[in-house]
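Report on one structure; see the data block that follows.
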Amino acid sequence: MPRGQLKPLWCSRSIKQNMPASSSNPIILYDGVCGLCNRLVQFVLKQDSRDRFRFASLQSDFATRVLRRHGAAPEDLDTVYLVSDHALAGERLASRSDAAIAVLNELGGGLSVLGVVLRLFPRWLRNWGYNLVARNRYRVFGKYDSCPIPSEKDRRKFLDLQ
């Protein structure tokens, strides 16, 4: 296996998606093959004491439909998105550092304080840092050959697996 590659697992594009027509749960759209992104999803799963977040890989048909609806490029895997009020009239899409800050705020506690501190920096500076990490994430954190399968306990939170 080439250096930087992780154990091959599964990818979600071919799984039938069966999700409710609308959801007030925030949905994180992430690069399903990125080692860093998968670690961040695991972090959110552990910190999400209110069981609010749902997840979908950017490689899924679900993410493609949401991103196209908002005029975003589904093929841009360098961006994390947060979908709020999915399929409701006020559906919103945050990206890059704005999405990360919104996730921190939703998690609450000390993490929301970190979100407030990050918001003090101008968006151009936050996104410059975000883009620097995004450009180097595969080299530093590795890349899966396909999207990892979540644990049985968390599987219901992944919209592209249902």
>> Any residue that is among the aromatic types (Phe, Trp, Tyr), at negative phi and at pLDDT below 95 - is there at least one of those in the stretch 68-83?
In response: no
>> I need a count of the residues in the stretch 86-98 that are more than 19 Å from Tyr138 (Cα to Cα), modelled with pLDDT of 95 or more and not in a strand (DSSP E or B).
In response: 1
> If you check Val83, Val133, Val103, which single one turns out to be closer than 21 Å to Asn38 by Cβ, open to solvent by less than 30 Å² (accessible area, probe 1.4 Å) and in a helix (DSSP H, G or I)?
Replying inline: Val103
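Condition check ((1) at pLDDT 95 or above; (2) open to solvent by 90 Å² or more (accessible area, probe 1.4 Å); (3) in a loop (DSSP other than H, G, I, E, B)) across all residues:
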residue	(1), (2), (3)
Ser112	no, no, no
Phe121	yes, yes, yes
Trp124	yes, yes, no
Gly129	yes, no, no
Tyr138	no, no, no
Ser146	no, no, yes
Glu152	no, yes, yes
>> Step by step: first the residues of the stretch 41-77, then only those that are within 12 Å of the chain's Cα centre (by Cα) and surrounded by fewer than 16 Cβ atoms within 10 Å (Cβ to Cβ), then the one that is farthest from Phe158 (Cα to Cα). Which residue is that?
In response: Phe43
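The values are calculated or read from the model by the stated rules, or taken from the named source; none is laboratory data. For clarity, every value in this text was computed on a predicted model and none was experimentally measured. Cβ atoms come from the backbone with ideal geometry, glycine included; neighbour counts cover every protein chain shown. Only protein heavy atoms, including side chains, enter the accessible area calculation; ligands, DNA and RNA are left aside. Shrake-Rupley method; radii C 1.70, N 1.55, O 1.52, S 1.80 Å.
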